[in-house]
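Since every read-out is calculated from the coordinates, none of them should be taken as a lab result. Here the structure is a predicted model, which means the values were calculated and not measured. Note that we place each Cβ from the backbone using ideal geometry, even for glycine, and neighbour counts take in every protein chain shown.
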Amino acid sequence: MGRVALAVSVALALVVAVAGTSSAFQCPTLIKQVGDAASNRFDDASNKARQLAAEAEELHKAGKHAESVAKAQEAKKLLGL
């Protein structure tokens, strides 16, 4: 029973580590997509999207990748992406 619990714990730790790493790489891509899409626009939605992208970048730098992705996705939605 102890070996099974250890194996399950190790497997879960690996899954969490891989998921966190993939989120970390996703943030800059999403932020760049928002920046590219908002660069030629000057309406309220693009201004708000740029602000959200800046917040997403700060969250990314702070290591809060899930929150960063959520902000970037919200910005993309404002731009219709």
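A few remarks follow.
- For residue 3 and residue 44, a Förster radius of 41 Å and the Cβ-Cβ distance give a FRET efficiency of 0.10, rounded to the nearest 0.05.
- Counting beta carbons within 10 Å around each of 34, 4, 69 and listing the fewest first gives the order 4, 69, 34.
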